[in-house]
Amino acid sequence: MGIHRRHSEPSSPPADGFRVAVIGAGISGLAMAIRLEQAGIDYILIDKNTAVGGTWHENVYPGCGVDTPSYLYALSFDPKPDWSSHFASQHELAEYWRDLAERHGVLARTRFSTMVDSAAFDSGTSTWTLTVRSVHTGEAENLTATAVVSAVGLLNQPSIPDLPGLQDFDGPVLHTARWDPEFDLRGKRVAVVGTGASAMQFVPAAAEIAAQVRIFQRSPQWAMPHPLKGVAVRASTHWLNEHVPFYLAWYPARLFWRMGDKVWRLLQVDRDYPHLGRAINKGNDRLRAMLTAYIESELSDRPDLLEKSLPDYPPYGKRLLIDAGWFRTLRRDNVDLITTGIETITPNGVATTAGTTFEADVIVLATGFRSVDVLGSVEVRGRDGRTLREVWGDDDGRAHLGITVPGFPNFFCLYGPNTNTGHGATVIAGTEMQIQHVTALLATMIDDRLATIEVRPEAYEAYNRELDEALADTRLAFRRHHHILPQRSWADRHQQPMALRRLLATGPPTRSGPLPHHPRHRHGRPALRRRGTCCPTRVNSHSLNVIETGPMNRTQTSPEPVAAPGISATTLVEAFQATAANRTHCTALTASGDNRSYTWGEYRDAVEEVATGLASLGVSRGDTVALMVRNSPEFHILDMAVLHLGATPFSIYLTSAPNRSATCSRTRATASSSPIPSSSTFSDARRRPPSNTSSSTAPSTTVRTAATTVPRRSSASPTSGGIPRTASTSNRPGAPSGPTTWRP
């Protein structure tokens, strides 16, 4: 049908009665509801909890937070520029999702404290009937919807281990995913079962206040340090996110590549590698050596703990964890790591297979989720009366692109089978692409007045064959074949993000058509697309005045000093570096009207961050870069970052803060180049201001703007911005003047 060529919003209003039921108000369900709200499609959002947030509403155990960088945990179309920490706490995450729901107006169509027990398709009416019941009263009722979107995800059903005698324990038994925030651990003897991601966060926090913490470990985990774990985000980063065009989109994209595609090569099995017993390829072996050295450094004086803490399987055999103080906590006097198996739970503690009983006041199950039991809490019955459980079995969930299943018309999964990465990065980017795909299918139903839409069986089978083939030479298949790990810590098909890759390759629907495919060079990094850009090459003359000036060489030798007194330098870049090194703590930039000021050290750090981002976009020596900024500190940071790369700034001064859809654009005189496409995979194009067909062309420049009025550059003195400049640039017209000053 060529669905990927369709717009992601209907071009005509839905028929009367067209309604979408979204099950789950977590990250995926909330984003889906926002997209439906924007597209003008009627929906109802249903969740068993009392607020949005899903996993991040339910998990409130001590120490709970993300082990993925915060900036990857925000929606691309409504990011959060001011995270307080690089690894946000549960509280801050929950606040972000609640704020999204309120600002986008989805709460009015949300039913909280409501369980969905079943969903059945009626072939006669081509609708779904959902049986729901109140969490508080148990009262049941039926709801009817044209389409159903399951956003229950994989991390909503706690995994409760089958421990003999667990029901006989006299004290409380708490699962980290169902934590009672009123429970106080102070002075308690705590038995913790499990050493996964939840335990890695819970144990260090619990050990600070509990009398005794005993950890019962089945197998150790690979964990690595992160320099930003527990570190607050700098004010300069907040400022960059707010003021520098495209920075807030670039920074998460850079993190995504480093934690996603860059890591993927470490998961590929080299069948000829001589040390397959300890690693699956050379890079994986190097990583193992680094992780081993780190653990040894943390436990150098505790050989007993070191022996218990070193895994015997390759890195990424299980999910690689971020060390939140785990190894330092193991060294505490009130913490014990027990590796013998659990025989039974007694009324007053835990008895091991070694015959020892450890008394406890409370048992904490840090055993994760039933991630292989996709949609296990809802009975979904399709066209022929078969349920998804009958089609999938106990742990073999499959779906085309992780979204659709034959025999289940108008039914879509988000964060479903085949979509979990298991090796880092984030599921949010993939979820947004799935949402884009689902919205496009719904738009097709509305525009073409279709009663049902579903994936063809042959496409479904072909996709899953490709999935199995792709997994054959990864550590996932290797893990199962060589019995390195328990076979069902995660289902194999939940590890490879093939759905995300397929959605990217075929091009999810956007207003401008499929996303461009970016070829890869031999080092595996995505190559920049140099032609066929979606960015406009002409500028709307009614919204933008372009200063028509040619590129200037900013690095020629100046006969006049360009640095502060006492500093020797011959170029602006050299003067900048010398001054920053000499006067690190002195004020460099100030802006009137607010309290912002930046020391030379902060200024230098900001320049380095922006220069790194521009370089990742392909900016290099000789390029001309259009800068869309106000006359404020961002001008100096962007300007200096471009100069550091040997490129020439082409400045366009704004009278108001740049819209986040504005961007820095890189150009050459012979060929237009585009920046990496925005990380937003859907946008409300109908709410954009109308463009004017009259336009003017900027010389050797590609500019994308957000209909922001920009004044023409006026004549100014060579030092009107207070910035010392070389002789070759001292007569550059339009140097900024106003409240921003440079103080060497």
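For Leu107 and Asn142, the difference between the fully extended length at 0.36 nm per residue and the C-alpha to C-alpha distance is 10.5 nm.
In whole angstrom, note down how far apart the Cα centers of the stretch 61-112 and the stretch 311-354 are. The stretch 61-112 and the stretch 311-354 have Cα centres spaced 31 Å from each other.
FRET efficiency for Glu574 and Met224, Cβ-Cβ distance as r, R0 = 30 Å, nearest 0.05? My answer for the efficiency is 0.20. With 0.36 nm allotted per residue and the present C-alpha distance subtracted, the Val60-Thr340 stretch has 97.9 nm of extension available. With R₀ set to 25 Å, the beta-carbon distance separating Ser118 from Asp16 gives a calculated FRET efficiency near 0.45. Taking 0.36 nm per residue of separation and subtracting the Cα-Cα distance, full extension of the segment from Asp468 to Asp447 would add 4.0 nm. Would you please classify the overall shape of the stretch 307-382 from the alpha carbon gyration tensor, given that a ≥ b ≥ c denote the square roots of the eigenvalues, rounded means a/c under 1.5, and beyond that prolate means a/b larger than b/c while oblate covers the rest? Note, shape of the stretch 307-382 comes out oblate. What FRET efficiency would be calculated for the residue pair Arg133, Ala289, taking the C-beta separation as r and a Förster radius of 35 Å, to the nearest 0.05? Working from the Cβ atoms, E equals 0.05.
Rule-based calculations on the coordinates, nothing more; no lab input. Predicted, not measured: the structure shown is a model, and the values here were computed from it. Neighbour counts are summed over all protein chains in view; Cβ atoms, including those assigned to glycine, are modelled from backbone coordinates with ideal geometry.
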